[in-house]
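As structure tokens, the structure follows; a few thoughts come after it.
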Amino acid sequence: MPPGKVLQPVLKMKVDELFLCWLSESSTQAMLRDCLRRIQMPARAERGAGDAEQPGPRLAAAAPDPAWRPRECEGPGAPSPTPASTALPVGAASSARSGPPVRGPRRSGGTRVVQTRKEEPLPPAASRSIPTFYFPRGRPQDTVNIDAVITKIERTFAQFPHERATIEDMGRVAKACGCPLYWKGPLFCSAGGERTGSVSVHKFVAMWRKVLQNCHDDAAKFVHLLMSPGCSYLVQEDFVPFLQDVVNTHPGLAFLKEAAEFHSRYITTVIQRIFYTVNRSWSGRITCAELRRSTFLQNVALLEEEADINQLTEFFSYEHFYVIYCKFWELDTDHDLLIDAQDLARHNDHAISTKMIDRIFSGAVTRGKKVQKEGKISYADFVWFLISEEDKKTPTSIEYWFRCMDLDGDGALSMFELEYFYEEQCRRLDSMAIEALPFEDCLCQMLDLVKPQTEGRITLQDLKRCKLANVFFDTFFNIEKYLDHEQKEQASLLRESDSEGPELSDWERFAAEEYDILVAEEAAGDPWEDGYEAELSPMEQKLSALRSPLAQRPFLEAPGSLGAVELYEYECGDDDLPPS
């Protein structure tokens, strides 16, 4: 029983019963009698120092009783046994004054035997031999020669005037540190270069030496470079200087240099995509462990190798940003970069049910007080919505829609919650003169599709195991996609979900199709059909030229100054920005 744990009354009765059973055993009683006899023998020796049986206790400690009793029964003429002659002087010739020293060793000898038995089953050294298995800052590597790295950095700084590096020089410094090229922005800012415009060799070496001593893998180093003082995680604002440097210096984004107004929009989009994919805990804080499990750092390394930014579809694609921003611009009629429930309901021609729109604005999947106070979501929230709506197979999108459908927040979808959302689907199908499937039949189909482990409730894990989670969600709140799924056989849906290899995801497929449509509309000269004048202003002509970046990609230009980005709140004047 663990120490400190009190027995419950019923358990104590059972323990008492087992103790009595053990005590009634004949072997137990014989053992107890033998132990009692051994305890009483020293007392007999004290009472009769000259008794003939006095050697008994001393001999009993060394040999069993039958070994000496037969010799004791020999005739008077027999010689005294050798063990008795050697033991008698200690016990029989002892006076009352010398008695206690003799009895003392006998008691201490018995105590030593008991102590030895207690120490045998306790090996405390085994627990100390467990090797360290938790390395929050990466597993230390003995192969890293910090002094050699520092020497290489010092030689690189020696090539710069006054041994000071500017942001333009940090690419060579990053290579000397053994980092990817686009770590140059975080390295520059972490060494204090953002405040002074340059960084000295001594300050940079001190900073990088500390990083090498405390951080032992790329994830820990990247977090250390970007995080705020006193933190061990990254928030959204920490990514702004890094992404601003990417916008300023990457050749695939050189065309954005002429439209600095859109830097913050692009940066906001990339940051939301980073947190959408990497921050699996939904905490708003990216830890080293989450960064290690993601592919973000691999994508950062690919920025150096890939000149076409649109090939990096997971985070940095400009085409994806363009599609998201155009979709938002169409819904944001007053162009204050905030949309309400009525605006969002117009997405995809009112395909999403009003009950689900209400759930999105309830705060189940949005952050910030503006949603609750004013009933509006920001552009950052719309990025999460659009990616989740167009690709319902990813873990984050499944969590997104599960949170919306879980009305009571108990971590499972009950049949009541499913019926709550399906009622509106039935009404919309009736208005379209389409016969709706009864809820009982639809429920049987969905349970066969998901195969929940617990009858009568669908958990998040059930949906993540299901390969057709998108069909499940569309059945309950997206009328257009529900009808599309109904026209396909389930076998064909499974073939699409089982396809392996470099197949495009649902989001990548949607973004590519939408981008082609938007470019075609631009080429046709009719980008918007919502009452705008056909004749564009000079500003709109300039931005319109930016809507086809694939045709115009200048080479690398000198970076501009780092700009601040407001991630959630934007100040808009009279000249609201149309999508570029």
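Some points to look at:
- Translational diffusion coefficient (Stokes-Einstein; Kirkwood radius from C-alpha pairs) of region 127-190 at 10 °C, 1.306 mPa s, in µm²/s: 114
- The listed peptides 336-343, 301-308, ordered by packing as a protection proxy, come out as 336-343, 301-308 (highest mean of other Cβ atoms within 10 Å first).
- The GluC sites (Glu not before Pro) of region 414-478 that DSSP puts in a loop, and whose beta carbon has at most 13 other beta carbons within 10 Å, are Glu435, Glu455.
- FRET efficiency for the pair Leu331 and Ala301, taken as 1/(1 + (r/R0)^6) with r the Cβ-Cβ distance and R0 = 25 Å, rounds to 0.10.
- Remark on Lys376: its backbone amide H falls under 5 Å from those of Val371, a criterion applied only to residues 5 or more positions apart or on other chains, H modelled at 1.01 Å from N.
- Annotation: for a label point projected 7 angstrom from Cα along Cα→Cβ of Ile434, residues of region 440-480 with backbone N closer than 20 Å are 440-447, 449, 468-480.
- Neighbour-limited loop hits for trypsin sites (Lys or Arg not before Pro), region 349-452 (at most 11 other Cβ within 10 Å; DSSP other than H, G, I, E, B): Lys369
- With K and R counted +1 and D and E -1, the other residues having a Cβ less than 12 Å from that of Ile357 yield a net charge of -2.
- Protein accessible area in region 281-343, 1.4 Å probe - carbon and sulfur %: 46
- Of Lys184/Lys257; Lys327/Lys464; Lys376/Lys467, pairs whose Cα-Cα distance is over 26 Å: Lys327/Lys464; Lys376/Lys467
- Think of each Lys and Arg Cβ as +1 and each Asp and Glu Cβ as -1; about the Cα centre, that makes the dipole of region 324-404 roughly 420 debye.
- Rolling a 1.4 Å probe across the protein heavy atoms gives region 345-468 an accessible surface of 46 Å² per residue.
The values are calculated or read from the model by the stated rules, or taken from the named source; none is laboratory data. Being a predicted model, the structure only gives us computed values, none of them experimental. Because the Cβ atoms are built from the backbone with ideal geometry, glycine has one as well, and the counts that use them run over all protein chains shown. Calculation scope for accessible area: heavy atoms of the full protein, side chains included, ligands and nucleic acids excluded. Shrake-Rupley method; radii C 1.70, N 1.55, O 1.52, S 1.80 Å.
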